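**Student:** I am attaching a structure below and will ask some questions about it afterwards.
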Amino acid sequence: MTENIMEFRHVGKQYDDNVVLRDINFKIEAGKFYTLLGPSGSGKTTILRLIAGFDQPTSGEIYFAGQEINDVPANRRQVNTVFQDYALFPHMNVAENVAFGLQIKGVKKSEIKRRVDEALQLVQLAGYGAREITAMSGGQRQRVAIARAIVNEPQVLLLDEALSALDHKLRVQMQTELRQLQRKLGITFIFVTHDQEEALAMSDQIMIINDGKIQQSGTPVDIYDEPLNHFVADFIGESNIVPGIMKKDYLVAINGQDFKCVDAGMRPNERVEVVIRPEDLDITTVEQGQLVGTVDTQLFRGVDYQITVHDVRDHVWKINSIHKTTVGARVGISFDPEDIHVMRYNETEADFDARLDSYEEGE
Amino acid sequence: MMRQKTLFIVPYLLWIVLFVLAPLILIFYQSLYNINGQFTLDNYTTYLTSGVYLKMTFNSVWYAFLITLVTLVISYPTAYVLNRLHNKQFWLLLVILPTWINLLLKTYAFIGLFSRTGSINQFLRFVGLGSHQLLFTDASFMFVAAYIEIPFMVLPIFNSLAEINPSLINASKDLGASQWQTFTKVIWPLSMPGVKAGIQAVFIPSLSLFMITRLIGGNRVITLGTAIEEHFLTTQNWGMGSTIGVVLIIAMFIVMFATGEAKQKGGHTR
């Protein structure tokens, strides 16, 4: 299962003087769900366009199944795309849209019909074939777009912000469905989104893109628990990011106060950034708290309360708690050594991985 | 609110009644009277039985068809290329610009160009090809008519091409279609509304051309338009002129109906 279906080697892309991607390297394994996650303008959609063949890289090579495909036009790549705006053909009905790719390939009529029905079944639109596109809702159009792509049995399916036009409830439902569909079909999905929740929920592997570079790649859990830098920590989930000093291995100072942690491999007294997730912080009594502060705000969000507390040094902490507190109260904040994640400034992903390996294996 | 809305509609209603409905009724009314002012259906019988008028009708339709076809063949690629240019609005303006010049002026300009002593013949003589009869030929008539109609064809096609979502073209390529397949299966069907509007804008006026037929075609091509002019201005047979007018109006309705928005049922399965 670890066969690489696609690879980017030192791929760069620029439009005129505008550098969109710089030195992108990654390998895509067959049969996995990948997400390219980044803010708008980060270059993630450009990567997708390079894979689909709508654009050619300015430098570097793209390999598909071992072959360099830099100059292979889009219509001869074994890749299909689900577009952000669905791009369904308005002059064709649902079945004709889905059949488009097969017709182009000259598949027999009877087989087209069978495969179109099958694809519509897969996206739960059986019986909708004769409908006009204009008669379909946003969510249904989304499914038609997916059916139109998967009916061609591509090796890789690209999804460009595919769920962003749907309302929240439908989006969550489609996340589950997409994940199931990917497992059922066993083909590689490459999903582009700016929505970190979506990325965490669906992916086997996430690549975080910013400023034309891959910031970090890894499983959702790795990225969430061990973000490489400020950008990743801030972009994925909510976080408290505070400056600190790494006294020695497994000991970090925040606000001049020493805390045990589980990070190591840095220079003594190195300046670092410390990440603590809001849900890892607990409100407790002043006596039991490792930090002491005053509650500023409290928002009820259904699942939990979002609380902000400023400590004695006026640093504001975001805390997510299922227990409520009172605004203006003095409280203690407690957390465990495992909740602390230390990030070095300007560490590359390779160095980060190496450092993690060095001390995690040592234990 | 309601009263205001009804008030706003008054100018439009007046316009419609005075300049659309009334003339239509008048033409129809006139067509039922013969040259001596007697109420009769003779004009219609004459029209249908005399070969002259039917031949004229056929001529009109045939030339209008040719003009439309030539215009379409030139305009579609033009509109297509214009759409891909960087300053497309500017280039489009250049195509539209000639329509701001008076039609008669343009026609006279062509007489100057095409005549025996005109610029084109001067050039032909200069390169040693001798002078030729250009004016008063079918070819020159077609050329000038097409020249005049092209902007009216380019504009709607350009607009309908511009409206096509570029991601549809990417989607087509993504699904394996070549450039040509993308054109025949996506771009062409989606630009049909523009093509139809263009055909309406060109075919219908071409049916009743009369000035160009006279000035450039030298009255060799007699169309219904020319016949109407003759009846009203020369023979003073308003009844017969009106009858031909009614025929033209019917022809226009047929064209409108044929090219109208008949519920877009596209998508051809092979």
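The values are calculated or read from the model by the stated rules, or taken from the named source; none is laboratory data. Because the structure is predicted, anything quoted here is derived from the model rather than measured. All Cβ positions, even for glycine, are placed from backbone atoms using ideal geometry, and neighbour counts span all protein chains on display. Calculation scope for accessible area: heavy atoms of the full protein, side chains included, ligands and nucleic acids excluded. Shrake-Rupley method; radii C 1.70, N 1.55, O 1.52, S 1.80 Å.
**Student:** Among A:V303, A:V312, A:V94, which one moves the most in a GNM of chain A with springs linking Cα atoms closer than 10 Å?
**Tutor:** The residue that fluctuates most here is A:V303.
**Student:** A further question follows. Which residue, chosen from A:Y359, A:Y34, A:V295, occupies the Cα position most advanced towards the positive end of the dipole of the protein assembly as shown, where the dipole is computed from +1 (Lys, Arg) and -1 (Asp, Glu) charges on Cβ about the Cα centre?
**Tutor:** A:Y34
**Student:** Return, for the Cα atoms of the protein assembly as shown, the radius of gyration and Dmax in Å, separated by a comma.
**Tutor:** Looking at the protein assembly as shown, its Cα Rg and Dmax stand at 36.6, 118 Å.
**Student:** Divide by every residue of chain A the summed helix terms, -39500 (n - 2.57) for each DSSP H run of at least 4, and state the resulting mean residue ellipticity at 222 nm, rounded to the nearest 500 deg cm²/dmol.
**Tutor:** Numbers: 9 runs with 99 residues, N = 363.
Computed ellipticity for chain A at 222 nm equals -8500 deg cm²/dmol.
**Student:** For the stretch A:229-307, which trypsin sites (Lys or Arg not before Pro) are in a loop by DSSP, counting at most 16 other Cβ atoms within 10 Å? Before the final figure, lay out the partial values.
**Tutor:** Working: sites: A:K247, A:K248, A:K260, A:R271, A:R301; in loops: A:R301.
Here the sparse-neighbourhood loop sites are A:R301.
**Student:** Moving on to the next point. Around A:N70, what is the net charge, scoring Lys/Arg as +1 and Asp/Glu as -1 over all other residues with Cβ under 14 Å from its Cβ? Kindly include the intermediate steps, with their values, before the conclusion.
**Tutor:** On the way: positive: A:R9, A:K13, A:R49, A:R76, A:R77; negative: A:E7, A:D55, A:E61, A:E68, A:D71.
Neighbourhood net charge equals 0.
**Student:** Relative to a virtual label point 7 Å from the Cα of B:F183 in the Cα→beta-carbon direction, which members of the stretch B:54-79 show backbone nitrogen distances below 11 Å?
**Tutor:** Those under the cut-off are B:77-78.
**Student:** Given Cβ point charges of +1 (Lys, Arg) and -1 (Asp, Glu) and nothing else, what value in debye, to the nearest 20, does the dipole of the stretch A:304-363 about its Cα centre take? Before the final figure, lay out each step's value.
**Tutor:** Details: 6 positive and 14 negative charges, 157 e Å.
The calculation lands at about 760 debye.
**Student:** Between helix A:168-185 and chain A, what is the angle of the helix's C-alpha long axis to the longest principal axis, kept within 0 to 90° and rounded to the nearest 10?
**Tutor:** The angle comes out at about 60 degrees.
**Student:** Same structure again: Using a Förster radius of 22 Å, what is the FRET efficiency between A:V172 and A:R131 based on their Cβ-Cβ separation? Nearest 0.05, please.
**Tutor:** On the way: r = 25 Å, r/R0 = 1.14.
So the FRET efficiency works out to roughly 0.30.
**Student:** When we measure straight from the Cα of A:K109, which aspartates and glutamates land under 16 angstrom away, once same-chain ones fewer than 8 places off are left out?
**Tutor:** A:E96, A:D117, A:E118
**Student:** Which of B:L13, B:L21, B:L69 ends up with the largest GNM mean-square fluctuation for chain B, with Cα atoms connected below 10 Å?
**Tutor:** Largest GNM mean-square fluctuation: B:L13.
**Student:** How big is the dipole moment of the stretch B:44-173 about its Cα centre under a simple scheme where the beta carbon of each Lys and Arg is +1, that of each Asp and Glu is -1, and everything else is neutral? Debye, nearest 20, please.
**Tutor:** Values: 7 positive and 3 negative charges, 46 e Å.
Magnitude of the dipole: close to 220 debye.
**Student:** Relative to the first principal axis of the alpha-carbon coordinates of chain A, what is the inclination of helix A:349-362, with its axis defined by its Cα atoms, in degrees from 0 to 90 and to the nearest 10?
**Tutor:** Computed tilt is about 60 degrees.
**Student:** In the protein assembly as shown, with Lys and Arg counted as +1 and Asp and Glu as -1 at Cβ, which of these residues, B:V81, B:L105, B:I216, has the Cα nearest the positive end of the dipole, that is, farthest along it?
**Tutor:** The residue sitting most towards the positive pole is B:I216.
**Student:** With a 1.4 Å probe and every protein chain kept in, tell me what percent of the accessible surface of the stretch A:139-259 is carbon plus sulfur.
**Tutor:** Values: 2120 of 4540 Å².
Its accessible area is 47 percent carbon and sulfur atoms.
**Student:** I would also like to ask the following. How many Å² of accessible area per residue for the stretch A:159-302, probe 1.4 Å? If you can, show how the numbers build up before the last one.
**Tutor:** Details: 6410 Å² over 144 residues.
It amounts to 45 Å² per residue over the stretch A:159-302.
**Student:** May I ask for the net charge around A:T325, where only other residues with Cβ less than 13 Å from the Cβ of A:T325 are counted and Lys, Arg are +1 while Asp, Glu are -1?
**Tutor:** Working: positive: A:K324, A:R330; negative: A:D282, A:D296, A:D304.
Value of the local net charge: -1.
**Student:** By its C-alpha gyration tensor, with a ≥ b ≥ c as the square roots of the eigenvalues, how is chain A shaped: rounded for a/c under 1.5, else prolate for a/b larger than b/c, else oblate?
**Tutor:** On the way: a/c = 2.83, a/b = 1.75, b/c = 1.62.
Prolate is the answer for chain A, as a/c is 1.5 or above and a/b outweighs b/c.
**Student:** Per 0.36 nm of contour for each residue apart, how much would the distance between B:L103 and B:L24 grow if the chain were fully extended, relative to their Cα-Cα spacing? Please list the in-between numbers first.
**Tutor:** Details: separation 79, 0.36 × 79 = 28.44 nm, distance 2.51 nm.
Extra length from B:L103 to B:L24 when fully extended: 25.9 nm.
**Student:** What are the residues whose amide H is under 5 Å from the amide H of A:G31, where those residues sit 5 or more places off or on another chain and H is modelled from the backbone?
**Tutor:** So A:G31 has HN proximity to A:T188.
**Student:** Nearest 0.05, what FRET efficiency do B:V73 and A:K105 give at R0 = 35 Å with Cβ-Cβ as r?
**Tutor:** On the way: r = 32 Å, r/R0 = 0.90.
Between B:V73 and A:K105 the formula returns 0.65.
**Student:** All other residues with a Cβ under 11 Å from the Cβ of A:Q182 taken together, and with Lys, Arg as +1 and Asp, Glu as -1, what is their net charge?
**Tutor:** Values: positive: A:K32, A:R179, A:R183, A:K184; negative: A:E177, A:D204.
Result for the local shell: +2.
**Student:** Taking each full run of DSSP H in chain B as one helix, which ones are at least 18 Å long along their axis (Cα atoms) and have mean Kyte-Doolittle hydropathy of at least 0.5? Don't skip to the answer; put the middle values down first.
**Tutor:** On the way: long enough: B:2-15 (21 Å, 0.60); B:51-84 (49 Å, 0.95); B:138-162 (34 Å, 1.40); B:188-207 (27 Å, 0.89); B:238-259 (31 Å, 2.05).
Counting only whole DSSP H runs, the qualifying helices are B:2-15, B:51-84, B:138-162, B:188-207, B:238-259.
**Student:** Tell me: how much accessible area in total is hidden between A and B, 1.4 Å probe, Å², nearest 100?
**Tutor:** Working: alone 17810 and 16730 Å², together 32290 Å².
Looking at A and B, the buried total is near 2300 Å².
**Student:** Something else about it: If we sort B:103-110, A:40-47, A:188-195 on the protection proxy, mean other Cβ atoms within 10 Å, highest first, what's the order?
**Tutor:** Numbers: B:103-110: 13.6, A:40-47: 20.8, A:188-195: 22.9.
Answer by packing, highest mean first, reads A:188-195, A:40-47, B:103-110.
**Student:** Provide the gained length on full extension for the span B:V81 to B:Q236, in nm with one decimal, where the gain is 0.36 nm per separating residue minus the Cα-Cα distance.
**Tutor:** Contour length minus Cα-Cα distance gives 50.9 nm.
**Student:** Separate question: For A:100-109, what's the mean count of beta carbons from other chains sitting within 10 Å of each residue's beta carbon? List each step's numbers first, then the result.
**Tutor:** Numbers: counts 10, 6, 2, 8, 10, 3, 1, 0, 0, 2.
So the per-residue partner count for this stretch is 4.
**Student:** Right, here's the next one. If packing is taken as the mean number of other Cβ atoms within 10 Å per residue, what is the order of B:123-132, B:181-190, A:341-350, highest first? Could the numbers behind the result be given before it?
**Tutor:** Details: B:123-132: 10.5, B:181-190: 18.3, A:341-350: 15.1.
In descending order of packing, they fall as B:181-190, A:341-350, B:123-132.
**Student:** If the only charges are +1 at each Lys and Arg Cβ and -1 at each Asp and Glu Cβ, what is the size of the charge dipole of chain A around the Cα centre, to the nearest 20 debye? Walk me through the numbers on the way to the answer.
**Tutor:** Working: 38 positive and 55 negative charges, 360 e Å.
Around 1740 debye, computed over chain A.
**Student:** Once you place label points 7 Å from the Cα toward the Cβ at A:A329 and A:Q124, how far apart are they in nm?
**Tutor:** 4.2 nm
**Student:** Moving on to the next point. Peptide A:148-157: average number of partner chain Cβ atoms within 10 Å per residue?
**Tutor:** Working: counts 3, 3, 0, 1, 3, 0, 2, 0, 0, 0.
Mean partner shielding for this stretch: 1.
**Student:** Another one. Which of the three applies to chain B, rounded, prolate or oblate, going by the alpha-carbon gyration tensor with a ≥ b ≥ c and a/c under 1.5 meaning rounded?
**Tutor:** Numbers: a/c = 1.91, a/b = 1.20, b/c = 1.60.
It comes out oblate by the Cα gyration axes.
**Student:** Return the average number of partner chain Cβ atoms within 10 angstrom of each residue Cβ along peptide A:34-42.
**Tutor:** Details: counts 0, 0, 0, 0, 0, 0, 0, 0, 0.
Mean shielding by partner chains, rounded to a whole number: 0.
**Student:** Can you give me the distance in nm between label points at A:L356 and B:I254, each placed 7 Å from the Cα along the Cα-to-Cβ direction?
**Tutor:** 7.7 nm
**Student:** What does the highest-first list of A:95-105, A:122-132, B:209-219 look like by mean Cβ count within 10 Å?
**Tutor:** Numbers: A:95-105: 23.5, A:122-132: 15.8, B:209-219: 19.9.
Output ranking for A:95-105, A:122-132, B:209-219: A:95-105, B:209-219, A:122-132.
**Student:** Which entries in the list A:K213/A:K247; A:K108/B:K185; A:K13/A:K44 go over 23 Å, if you measure between the two C-alpha atoms of each? Could you put the intermediate results ahead of the total?
**Tutor:** Values: A:K213/A:K247 31 Å; A:K108/B:K185 18 Å; A:K13/A:K44 12 Å.
Flagged as over cut-off: A:K213/A:K247.
**Student:** Taking the Cα atoms only, what angle lies between the long axis of helix A:138-150 and the longest principal axis of chain A, rounded to 10 degrees?
**Tutor:** It works out to around 70 degrees.
**Student:** Cross-link partners among lysines for A:K248, C-alpha distance below 22 Å, same-chain residues fewer than 8 apart left out?
**Tutor:** A:K260
**Student:** Using amide H atoms built 1.01 Å from N in the peptide plane, name the residues 5+ places from A:T81, or on other chains, whose amide H lies under 5 Å from its own.
**Tutor:** A:L158
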